[in-house]
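Take a look at the structure set out below.
Computed from the coordinates by the stated procedures, all read-outs in this text should not be read as laboratory data. If you're wondering where the values come from, they're calculated on a predicted model, not measured in any experiment. Cβ placement follows ideal geometry from the backbone for every residue including glycine, while neighbour counts extend to all protein chains displayed.
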């Protein structure tokens, strides 16, 4: 990283000041952008009584303010977050957005993430003393960074009575994302782009909610058939996947294992129905742990969440707007009241 024009410790001292020095004219940060990395070893956070509490940043900080706010000279402040190094078992989850408190800073290292739980507002006059280094390589990565930062503060709050239905999916399935030693981890990390929860007609209708788990996979992975020519599942696969009442009886890990064992040109019919079964098995994980209060038990229409698998290319924009992405951090049980 390019060294700052002042020692990092001295920069840290200056970052705590709440107003720019009186002699400072509007600061030109035209060479800076969102996701830039700055080399400073601490930032000031506000303590419970309003005092400054120094937070160590041994790996520097990353600018999370939008680029338009950074370069506008009539704005005197911007926001930064510490860069932290995540352990291997969390890196891939966080990189895919399943840990919204962390946002990847790829050019600072594969394990480098912005810690959005410790954000500081600092003076542009003092940021100008630090030489920036790009935290992302291109416009696409910059856009992804901005979207992840925005999601941390704009993600949908699922109703309290719905969260217990999703908790088992988090603990039993989503937590395996990033574990490339397991077939389930490889499917979630490499093939599934997003898990979204759709409510029809809307959350405003109130409980019981008609919910569908949307499993969005990468283009090319889901065989396409004309609706009138969709093949029946092979008898052996049908018997393995579903019980006599048509309910999926295999767990996600078992189905993922069969999916990963198919060759690239594997039998299209089997691949299609394995993906259907995989989506259903994920939805089947969504059951509140007993004993659950009545408002939780009765929160979902029919006592179960439906499932649908499609590709990120085939889902309509309308359905994206009507659904909400499921992430790990957001599925914590609601706080006691």
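What is the angle, in °, between the Cα long axis of helix 268-284 and the longest principal axis of the Cα atoms in the chain? Nearest 10 is fine, range 0 to 90.
70
Among [x] 1.00; [y] 0.95; [z] 1.18, find the value of Cα Rg over 2.2 N^0.38 Å that was calculated from the structure presented, and write down its label.
Computed from the coordinates, Cα Rg over 2.2 N^0.38 Å corresponds to [z].
Given points 7 Å out from each Cα along the Cα-Cβ axis, report the residue 110 to residue 55 separation in nanometres with one decimal.
2.7
Angle, helix 252-261 long axis vs. longest principal axis of the chain, Cα atoms, 0 to 90°, nearest 10?
Orientation of helix 252-261: about 90 degrees from the principal axis.
7 Å from Cα along Cα→Cβ at both residue 137 and residue 263: what's the point-to-point distance in nm?
It works out to 3.3 nm between the two label points.
Can you compute the helix-only [θ] at 222 nm over the chain? Use -39500 (n - 2.57) per DSSP H run of at least 4 residues, normalise by all residues, nearest 500 deg cm²/dmol.
-8500 deg cm²/dmol
GNM on the chain, C-alpha springs below 10 Å: top fluctuator among 306, 204, 28?
With Cα springs under 10 Å in the chain, the top fluctuation among 306, 204, 28 is at 204.
Please state, as a whole number in µm²/s, the translational diffusion coefficient that the Stokes-Einstein equation yields for the stretch 73-138 at 37 °C and 0.692 mPa s, with Rh defined as the Kirkwood radius across alpha carbon pairs.
This corresponds to a translational diffusion coefficient of 252 µm²/s.
Would you mind giving the average projected area, over all directions, of the Cα convex hull of the stretch 8-154 in nm² with one decimal?
The orientation-averaged projected area of the Cα hull of the stretch 8-154 comes to 8.9 nm².
Could you give the C-alpha radius of gyration of the stretch 163-331 expressed as a fraction of 2.2 N^0.38 Å, taking N as the number of residues it contains?
My calculation over the Cα atoms of the stretch 163-331 gives 1.03.
By how many degrees, 0 to 90 and rounded to 10, does the Cα axis of helix 139-154 deviate from the longest principal axis of the chain?
The angle comes out at about 80 degrees.
Kirkwood Rh over alpha-carbon pairs of the stretch 163-224, then Stokes-Einstein at 20 °C and 1.002 mPa s: what D in µm² s⁻¹, rounded to an integer?
Approximately 161 µm²/s, per Stokes-Einstein.
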